[in-house]
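Here the structure is laid out as structure tokens; the discussion comes afterwards.
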Amino acid sequence: MTSLRNSIHRRNHKERSQLAHRAKLGFLEKHKDYVKRAKDYHSKQDRLTRLKQKAAERNKDEFYFSMTKERTKGGIHVKDRGNTALPTDVVKVLKTQDENYIRTMRVAGLKKIDKIKAQLTALADLVPAEDSEENSLNPEELEILKEAGLISSQSKKGSKRHIIFVDDDQVARNYVGPSHDSRPDAMNVEAQDQSVDLGWIGPNEKRRSKKRQSAPDDDDAKGYSNIAEEIEGSAQQHRQRLLKELSARLVRDKQMRYAEREFEMQRLMMGKGARKKISAPERVGDDDNSDEDEDALDARGGRSRKTSATKSDETYRPRVYKWRIERKR
């Protein structure tokens, strides 16, 4: 009977949805939704009733000694979590551990950067061409390669000059430098290159004739050209992927280097010795105070308004302190 009952088609009971002209009122509330809303409403009402009852029955002269340790901030009671400050020695040990961890991760990242550099160095199209039209590298890729040290950042456009010293000004004015074509070595090379045609068939012509006989058809040439284009496109995508990964890892290495230096700075500042701040991690640039009100400047005695330091990946620089030289015993 169980199998027979399951084989009989049963009607699918669907829930009633909101009517089209009442869609602005939201979904149609069911009984289970009403129960949840009612329970939430009554719980809030009961809570308010208990608070009103406590406020009505409160004793104004009530006092506990723990009240002397409590504090409020903006009329709101602030409760201490009971966290005790760690000793300085423990904090220095923790910061040393954090610094060692960042140093270890940075060394692992540098190994990956060296591996990517080795892959990029093996690429044939990595060297930028002298002609800008034939160069397949865009300025961003060139900047990444210069930052990684794979290509030189100095321009090689300057021509080499050879200084010749003469006795007087007249000889210097009439002096004409030797041209490359007038050198005896170049003339001898050109004379050797000129060969006399005696009618014999040279080895180069035999090779050319064999190549012409074994030349492929037009369809095969098109197929080879398509395959070459596909290979070139895949190589370019591989190069772009490597450059993108290299750029991201260089930025990450820079941030980790700053973090490592910051941990070291904090650990040293927790020690003894007088120090003086030389530079702070702030944006370097001119402040635009031209739009500031003159009355506000007069009220502050001509002092500029203190603004918070702007920190970002482009403007952040580590702090620099200088410690006073002390004699070691």
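The values are calculated or read from the model by the stated rules, or taken from the named source; none is laboratory data. These figures come from a predicted structure and were not determined experimentally. FYI the Cβ positions are ideal-geometry reconstructions off the backbone, even for glycines, and counts take in every protein chain you see. Heavy atoms of the whole protein, side chains included, go into the accessibility calculation; ligands, DNA and RNA do not. Shrake-Rupley method; radii C 1.70, N 1.55, O 1.52, S 1.80 Å.
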Query raised in the report: So what does ASP168 come to for accessible area, using a 1.4 Å probe and Å² rounded to 10?
Result: 80
Query raised in the report: What ranking do 233-243, 269-279, 10-20 get when scored by the average of other Cβ atoms within 10 Å per residue, highest first?
Result: 233-243, 269-279, 10-20
Query - Full-stretch length increase - GLU62, ASN138 - with 0.36 nm per residue and alpha-carbon distance subtracted - result: 19.7 nm
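Out of the GluC sites (Glu not before Pro) in the stretch 57-120, which ones are loop residues according to DSSP with at most 11 other C-beta atoms within 10 Å?
Numbers: sites: GLU57, GLU62, GLU70, GLU99; in loops: GLU57, GLU62, GLU70.
Listed in order of number, the matching sites are GLU57, GLU62, GLU70.
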Query raised in the report: Given the protein chains as shown and a 1.4 Å probe, how many square angstrom of VAL251 are accessible, to the nearest 10?
Result: 70
